[in-house]
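One structure below.
The values are calculated or read from the model by the stated rules, or taken from the named source; none is laboratory data. Remember, it's a predicted structure, so these values are computed and weren't measured experimentally. Methodologically, a virtual Cβ is constructed for each residue, glycine included, from the backbone with ideal geometry; neighbour enumeration extends over all protein chains shown. The accessibility values were calculated without ligands, DNA or RNA, using every heavy atom of the protein model including side chains. Shrake-Rupley method; radii C 1.70, N 1.55, O 1.52, S 1.80 Å.
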Amino acid sequence: MELLRRAVDMVRSSSDGDSLSLNTRQLINCIANEAREFQAFRHPLGFIHAELTELLDEQLAGMRVRVHIWTSPCPQSDALGLVHDHVWQLKSCVLVGQLTDLTIEAVADEEGSHDAIRVKYGSKNEFTREGRYNLREVQRRNVGASNVYHIPSRRIHETVIDTAPVVTLLVSQDDPLGSPGPLIFAPHPAELSGTVERSPISAREVAGVCRNLSNVADERRS
């Protein structure tokens, strides 16, 4: 666990664009060994989400730690798609693979190409329309293994998987309680058919995926 704590501290103290010196293989194996101690599920944006916060509560001071795993270069999101914002600021380090982070501007327009869908989290997620928008890409950055990228709260973006599999270690700080939920931008006319309940993944499956990924990390370093 000490290896994971050190990695989290490095991500927390990083600057946008930093390259971190992490033992990726050992770190992913550490996560595999702890798979029975945290929850994981399939995320609507097409990746495996492992919530590691409960392993590290004593040092986080209100922050959250997650690992995201994309096993395919073409992740299958739910019907609402991949363009979204967050209710938290994040710092993320790519452990394996390469991704492109797209920053997107949304301009309100009654005839816009996309519907903004607000998500309200609960025992079952709820979805409401919040107008139409045109979307425009304003920044594109490629992020490879060991590199860190930061995303402020409420920035609209999309993650594109360049070289799969991709694994990221992410540290986030939530917005204040009571803040509106995140927005998803889906092509108009959007059906309100997002994921209501997320599908859990067993500890055995998560551990197996991580052990396979640790081998990939080794191959790409050699």
Could you grab me the full set of residues in region 99-124 that are open to solvent by 70 Å² or more (accessible area, probe 1.4 Å) and modelled with pLDDT of 95 or more? GLU105, VAL107, ALA108, GLU110, GLU111
Within region 165-199, can you find the residues that are assigned to a loop (DSSP other than H, G, I, E, B), open to solvent by less than 60 Å² (accessible area, probe 1.4 Å) and out of contact with any Gly (no Cβ under 9 Å at 6 or more places or on another chain)? ASP175, SER179, GLY181, PRO182, SER193, GLY194, THR195
Just the residues that are without any contact (Cβ under 8 Å) to a residue 40 or more places away in the chain and not in a strand (DSSP E or B), please, taken from region 101-160. ASP109, GLU110, GLU111, GLY122, SER123
Index of the failed condition, ARG64 passing every other in (1) assigned to a strand (DSSP E or B); (2) at pLDDT 95 or above: (2)
Quick one: would you say PHE38 is among the aromatic types (Phe, Trp, Tyr), modelled with pLDDT of 95 or more, within 24 Å of PRO152 (Cβ to Cβ) and crowded, with 17+ Cβ neighbours inside 10 Å? no
Within region 16-24, is even one residue touching a residue at least 60 places away in the same chain (Cβ under 8 Å), in a helix (DSSP H, G or I) and at negative phi? yes
